[in-house]
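Student: The structure that follows is given in the form of structure tokens.
Rule-based calculations on the coordinates, nothing more; no lab input. All values derive from a computational prediction rather than experimental measurement. When we count neighbours, we look across all protein chains shown, and the Cβ atoms used for this are built from the backbone with ideal geometry, even at glycine.
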Number of protein chains: 2
Amino acid sequence: MTLPEVPGEATLPRERQDRILERLRRHGRVIAADLALEFRVSEDSIRRDLRELAARSLCKRVYGGALLIRDIPPIAERRREQVERKRALAAVAVSLVGRRQILFIDAGSTNSAIAAALPDGHELTVVTNAPDVALALIGRPGFEVLCIGGRIEPKIGGAVGSMALRQIQGIRADLCFPGVCAADAQTGLWTFDAEEVVLKRAMIEASGETVLVATGEKLITAATHHTAPVESLTHLVVERGTDPAVLDAWRAAGTSVHVV
Amino acid sequence: MTLPEVPGEATLPRERQDRILERLRRHGRVIAADLALEFRVSEDSIRRDLRELAARSLCKRVYGGALLIRDIPPIAERRREQVERKRALAAVAVSLVGRRQILFIDAGSTNSAIAAALPDGHELTVVTNAPDVALALIGRPGFEVLCIGGRIEPKIGGAVGSMALRQIQGIRADLCFPGVCAADAQTGLWTFDAEEVVLKRAMIEASGETVLVATGEKLITAATHHTAPVESLTHLVVERGTDPAVLDAWRAAGTSVHVV
DNA sequence: GCATGGCTTGCACGTTTGTGCACGGTTATC
DNA sequence: GATAACCGTGCACAAACGTGCAAGCCATGC
């Protein structure tokens, strides 16, 4: 590890940049004035360093210092829509996650938001069939990422098929976030795609608890394939403004309802 | 002449280099001026030593001295660097791809560029252990994407381990793009990470042809684990400006060389 | 002996790179 | 809308750089 800066110790220019990068990775941001003090050079030199790093697109130069670039995976079409709503849902959904848990995260735009919203420092293991979820978590400190392989279905944005199924069946998780096409307090979870059904079922069965995170319309639309009975759905996270009658029905079914 | 004679302090060049290396390992860096003083030789000699050590990739030469080669930066950073060079290499590399072929694309920043450069309308099947490669191809018309699952190693940016290995062994491909850490016309392909080796080997063995896409420095640096003999490397794509002698050696070994 | 060639070394040269400072413009914050 | 902090640029200077070269050393062989 890097030792704390020794006062009279000289650092090579390039070494200084490396250390700035490291600091950046750890703290997410650096302040030019602090760095100047720490490395005992003028702020001009620090600014030059930051500019250079920014030119290599290793950080983003901002007023007063620099920020870590968190490259957001290229956003699929659906994801672009209603980003804000999904982020709000995700923020609540991740509060259900405990330390050192193992999570199944299914493919889907809302689940991408959930992955991005997962807090650091919980030492989580995330199992996912969605490349964008995996990518969002690669390099995040304290995360172990397990990717479910298989043929990727473009419509879904994740692996499906027997290969994926077999891998899922070999894992047990604490929490499961299935992608939600439609859900109903009487019958439970429904899905459009036949291939997806078996995967979601396997995920849910392999998990201690299941969290449904749904924008309001998911609770009033219908889908073609029955996927899971309501008893297996532990939590429901929905937006404010959802029909209270619907929520009561879910509560009556034994699901813990969380309103954003 | 100008230097005072110190009896018994004389060191052979090779011995001096060893001592420099030792110092490097202990402190993480060395400063040319200090070494000159310590070994009682001119800075010129020290600089020559450092250059030589750097050529053997035992250290990283920087302004003022040399640094220990720290572990490779995370994939997210590597992918953002040298974008233009990688794009140019990728543009040539993809010209080796035929219609309706099955491709193995390994994890790695250059391979990300290759995936992005693959042409539409070739009805390709891409098998990859890298989520970012998969993500780049999801939704591209005419592509079938197969994701290799397993534990994702953040440094590498792709799945590794026995789970990934088994999946790879169940597939036969036409073309393989292994990530290149170092390559040599005599001995073939070398890799830094032990886990990666088995994966790359399996990919190469399961493919009809193998394409090495390498920025110039990969052909003069060394890595720790032998991965594939030169006979199994069908094509080499390199940048203009690579040492002609090196390229001739590759040609002599039977590899088809493509210069960008 | 001494000539030869390989190797290392220090020096001189011109070039590149890093640094701090002064200047005037820009941006946050109250 | 004033103030202070922060910014980029140009500049001068010093340190570090690579290169070419000649001197020195040593082993080898005539």
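Student: Which residue fluctuates most in the GNM of chain A (Cα springs below 10 Å): A:Ala222, A:Ala115, A:Ala173?
Tutor: Residue with maximal mean-square fluctuation among A:Ala222, A:Ala115, A:Ala173: A:Ala222.
Student: Any idea which of A:Ile69, A:Leu53, A:Ser42 is furthest toward the positive side of the dipole for the range A:25-70, if Lys and Arg beta-carbons carry +1 and Asp and Glu beta-carbons -1?
Tutor: A:Ile69
Student: Measure nothing but the geometry: give the 0 to 90° angle between the long axis through the Cα atoms of A:43-55 and the longest principal axis through the Cα atoms of chain A, rounded to 10°.
Tutor: 40
Student: Hey, got the dipole for the range B:59-134? About the Cα centre, +1 on K and R Cβ, -1 on D and E Cβ, debye to the nearest 20?
Tutor: Values: 11 positive and 8 negative charges, 61 e Å.
My answer is approximately 300 debye.
Student: Report, in debye and to the nearest 20, how large the dipole of the protein assembly as shown comes out about its Cα centre when Lys and Arg carry +1 and Asp and Glu carry -1 on their Cβ. Let's see the in-between values first.
Tutor: On the way: 66 positive and 66 negative charges, 120 e Å.
The dipole magnitude comes to about 580 debye.
Student: Right, another one. Counting just the Cα atoms, what span does the range B:142-207 cover along each of its three principal axes? Round to the nearest Å and put the largest first.
Tutor: The Cα atoms of the range B:142-207 stretch 36, 27, 21 Å along their principal axes.
Student: Roughly how big is chain B's charge dipole about its Cα centre, with Cβ charges of +1 (Lys, Arg) and -1 (Asp, Glu), in debye to the nearest 20? Show your work: numbers first, answer last.
Tutor: On the way: 33 positive and 33 negative charges, 69 e Å.
Rounded to the nearest 20 debye, it is 340 debye.
Student: Shifting gears a bit: Convert 10 °C to kelvin, take the viscosity as 1.306 mPa s, use the Kirkwood radius over C-alpha pairs of the range A:83-127 as Rh, and evaluate the Stokes-Einstein diffusion coefficient in µm²/s, rounded to a whole number.
Tutor: So the translational diffusion coefficient is about 149 µm²/s.
Student: Let me ask something else. Only bridges with both residues in the protein assembly as shown count here: give the DSSP antiparallel percent, nearest 5.
Tutor: Working: 36 of 80 bridges.
Among the beta bridges of the protein assembly as shown, antiparallel pairing accounts for roughly 45 percent.
Student: Still on this structure: Grab every C-alpha pair in the range A:158-260, bin the distances at 10 angstrom width from 0 up to the longest one, and report whole percents.
Tutor: Here the calculated profile for the range A:158-260 is 16, 50, 28, 6, 0.
Student: Near the amide H of A:Val126, under 5 Å away, which other amide H atoms are found, from residues 5 or more places off or on another chain, if H is placed in the peptide plane?
Tutor: A:Leu103, A:Glu144, A:Val145, A:Leu146
Student: At most 15 other Cβ atoms within 10 Å and a DSSP loop assignment: could you name the trypsin sites (Lys or Arg not before Pro) in the range B:137-192 that fit? Working shown, then result.
Tutor: Values: sites: B:Arg151, B:Lys155, B:Arg166, B:Arg172; in loops: B:Lys155, B:Arg172.
Hits after loop and neighbour filter: B:Arg172.
Student: Sticking with this structure for a sec: Rounded to the nearest 0.05, what FRET efficiency do A:Asp248 and A:Glu123 give with R0 = 35 Å and r taken as the Cβ-Cβ distance? Could you check? List each step's numbers first, then the result.
Tutor: Values: r = 37 Å, r/R0 = 1.06.
Efficiency, from the Cβ-Cβ distance: 0.40.
Student: Moving on to the next point. Can you list, shortest first in nanometers, how far B:Arg19 lies from the same residue in the other copies, with each label 7 Å from Cα toward Cβ?
Tutor: 2.7
Student: For a 22 Å ceiling on Cα separation, which of these pairs sit above it: B:Lys155/B:Lys200; B:Lys60/B:Lys200; B:Lys155/B:Lys218; A:Lys60/A:Lys86; B:Lys86/B:Lys155?
Tutor: On the way: B:Lys155/B:Lys200 16 Å; B:Lys60/B:Lys200 27 Å; B:Lys155/B:Lys218 18 Å; A:Lys60/A:Lys86 26 Å; B:Lys86/B:Lys155 19 Å.
In this structure, B:Lys60/B:Lys200; A:Lys60/A:Lys86 exceed 22 Å between Cα atoms.
Student: Separate question: A:Glu217 label points, 7 Å along Cα→Cβ, one per copy: pairwise distances from this copy to the rest in nm, shortest first?
Tutor: For A:Glu217, the inter-copy label distances come out at 5.0 nm.
Student: How far apart, in nanometres, would the label points at A:Glu52 and A:Gln169 be if each is projected 7 angstrom from Cα along the Cα-to-Cβ direction?
Tutor: 5.6
Student: Moving to a separate point now. Tell me which of A:Thr191, A:Ser109, A:Thr224 sits at the most positive position along the dipole axis of chain A, charges placed on C-beta atoms (Lys, Arg +1; Asp, Glu -1).
Tutor: A:Ser109
Student: Output wanted: per-residue J couplings in Hz (rounded whole) for the range B:186-196, from phi through Karplus 6.51 cos²θ - 1.76 cosθ + 1.60, θ = phi - 60°, x for Gly and Pro.
Tutor: Ordered by residue, 3J(HN,Hα) equals 7, 9, x, 9, 10, 9, 7, 8, 5, 4, 5 Hz.
Student: What is the percent of Cα-Cα separations in chain A that go past 31 Å? Present the calculation step by step, with values, prior to reporting the outcome.
Tutor: Working: 12291 of 33670 pairs.
The share of Cα pairs beyond 31 Å in chain A comes to 37 percent.
Student: Show me the three semi-axes of the equivalent ellipsoid for the protein assembly as shown, from the C-alpha gyration tensor (sqrt of 5 times each eigenvalue), largest first, rounded to whole Å. Walk me through the numbers before you get to the answer.
Tutor: Numbers: eigenvalues 464, 179, 66 Å².
Semi-axes (√(5λ), whole Å): 48, 30, 18.
Student: Same structure, new question: Using θ = phi - 60° and the Karplus relation 6.51 cos²θ - 1.76 cosθ + 1.60, list the HN-Hα couplings for the range A:167-174 in order, rounded to whole Hz, with x at every Gly or Pro.
Tutor: Each residue of the range A:167-174 in turn: 5, 4, 5, x, 10, 10, 10, 7 Hz.
Student: Where the label is 7 Å out from Cα toward Cβ, how close does B:Arg70 come to the same position in every other copy, in nm, shortest first?
Tutor: In ascending order, 2.2 nm.
Student: Once Rh is set to the Kirkwood radius over Cα pairs, what Stokes-Einstein translational diffusion coefficient, in µm²/s, holds for the range B:71-205 at a temperature of 4 °C and a viscosity of 1.567 mPa s?
Tutor: On the way: Rh = 15.0 Å.
Rounded, D is 87 µm²/s.
Student: On to the next question. Set the Förster radius R0 to 41 Å, insert the Cβ-Cβ distance between B:Tyr63 and A:Glu209 as r into 1/(1 + (r/R0)^6), and round the FRET efficiency to 0.05. The partial results should precede the final answer.
Tutor: Numbers: r = 56 Å, r/R0 = 1.36.
Calculated value: 0.15.
Student: In terms of modelled amide H atoms, which long-range or inter-chain residues lie less than 5 Å from the amide H of A:Ala173?
Tutor: Long-range HN contacts for A:Ala173: A:Ser207, A:Gly208.
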